[in-house]
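Worksheet: one structure, shown below.
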Amino acid sequence: MKVVLQNLTKIFPNRKKGGDDVVAVNDFSFEIPDGKLVGLLGPSGCGKSTSLYMICGLQKPTSGKIFFGDIDVTALEPESRGVGLVFQNYALYPHMTVKQNILYPLQNLKGSDKMTKEQMLERAVEVAKIVQIDELLERKPHELSGGQQQRVAIARALAKMPRVLLLDEPLSNLDARLRLQTREEIRRIQRKTGITTVFVTHDQEEAMSISDMIVVMKKGVVQQIGAPQAVYDSPANLFVAKFLGTPPINVFEGEVKGGKVWIGEDAVADAEGIADRKVFVGIRPEGFILDPNGPLHCDLRAVEVMGRDVSVVSTNANCTAEQVRSIIDADQRKNMNGDVVRFAVKPNKIFIFDKENEERIVLPGQDKIAEAIEG
Ligand code: ATP
């Protein structure tokens, strides 16, 4: 089922006199393709949950429309939309067994959706198998691990065979290892069921790793939509470039002058055809090449061994952060001696952004900015 968001806006009026209203979501348009997993991503307060709640019907948009397939569901109540919802606090009913928890939403179905006892049991076992908890059906929630409880919550959401599955930070209560395992589970379950899924998270790595597409939001405004790799490789603006990637992108004060990108006295890339101006220069950590004749000069601070790679920590007066972090193939270490390190820069790993509006300026030879860009 494709989900179409058309100019969705949600404004929360300020209750205090003279205060500003909160524009939680501002003119969000996007067609979520049938059967895809979409990650809504952004810092706290950027409007991810509000977008999700509008899709499921818990919040009514101030303006704009929502379609499931060709049907306008904007005015429909949540229970009439056929959505499955899993929250961060996925409260299972503690006094019920796993089986009873999964059966519960089925027992409340009305009209033509009503099921017989046998059908309900069959469905409960079927979804329990999908999330691999069919061995645990007679247990109570407190007899399960966090990850197993999370899977029960997903099974409960899947039991009604939702047309759309909505997950709001479903992994945040889990420890690091379980998070990793459960996010792979979610991906597997989504692929198996083919249910169009929207997944909210503030964790960029999580969103990148399991989503077919990501939507990056900031202060209610969509910044960029696209396949995770495409957005990483071709960010629309400085915010998106900084939000994606660990370690984060290195940002320098720089300028375009005479067809070159300059960081201080160092000409680090070609910028033919781009007018002279002040810019921010972003270089991904994996974009540095140790090169005794490389154009970018930095002061070496430390080399951290990571196994296959080394992390070279250096400083540069024009860097907006205290340290420049570069990830270098361990074999290249031989190219480093003395207090000054010199780097060449991979042309597809350096981005420049207008100093005023922080929008990306595409350098010669670089692809256009990835996919649909809004805001
Ligand atoms: P988080 O990651 O912290 O959950 P989020 O991206 O999901 O954040 P939202 O919960 O969608 O953000 O909130 C977006 C903005 O709307 C925030 O500024 C928030 O304070 C505001 N907001 C959310 N719900 C309400 C409400 N019921 N009344 C007033 N303002 C609200």
Query raised in the report: Restricting to segment 1-46, what's the tally of residues that are near the ligand (Cβ under 8 Å from one of its atoms), buried (at least 20 other Cβ atoms within 10 Å of the Cβ) and over 15 Å from the mean Cα position of the chain (by Cα)?
Result: 3
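If you take just the helices (runs of 4 or more DSSP H) that sit entirely in segment 171-248, which of them hold at least 1 residues that are within 16 Å of the ligand (Cβ to nearest atom) and under 22 Å from SER29 (Cβ atoms)?
204-210, 238-243
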Query raised in the report: Which condition number does VAL251 fail, the rest of (1) within 22 Å of LYS36 (Cα to Cα); (2) touching a Ser or Thr at 6+ places or on another chain (Cβ under 6 Å) being met?
Result: (1)
Query raised in the report: In segment 41-56, what residues are hydrophobic (A, V, I, L, M, F, W, C) and under 19 Å from LEU244 (Cβ atoms)?
Result: LEU41, CYS46
Query raised in the report: Which one of VAL310, VAL268, VAL281 is among the aliphatic types (A, V, I, L, M) and farther than 29 Å from GLY226 by Cα?
Result: VAL310
Query raised in the report: All but one of (1) buried (at least 18 other Cβ atoms within 10 Å of the Cβ); (2) at positive phi hold for GLY264; which doesn't?
Result: (1)
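Conditions tested, residue by residue: (1) touching a residue at least 24 places away in the same chain (Cβ under 8 Å); (2) in a loop (DSSP other than H, G, I, E, B); (3) not hydrophobic (A, V, I, L, M, F, W, C).
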| position | (1), (2), (3) |
| --- | --- |
| LEU85 | yes, no, no |
| GLN88 | yes, yes, yes |
| LEU92 | yes, yes, no |
| HIS95 | yes, yes, yes |
| ILE102 | yes, no, no |
| PRO105 | yes, no, yes |
| MET115 | no, yes, no |
| GLN119 | no, no, yes |
Report summary line: Among residues of segment 272-289 being crowded, with 20+ Cβ neighbours inside 10 Å and outside any strand (DSSP E or B), the residue farthest from the chain's Cα centre (by Cα) is GLY287
Query - Subset of segment 47-94 (residues that are of a type outside the set (S, T, N, Q), farther than 18 Å from ARG156 by Cα and within 13 Å of the ligand (Cβ to nearest atom)) - result: GLY47, LYS48, LEU52, TYR53, MET54, ILE55, LEU58, LYS60, PRO61
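No lab work stands behind these numbers, since they all come straight from the coordinates. Since the model is a prediction, treat every value here as computed from it, not as a measurement. Reconstructed Cβ throughout: ideal geometry from the backbone, glycine too, with neighbour counts over all protein chains shown.
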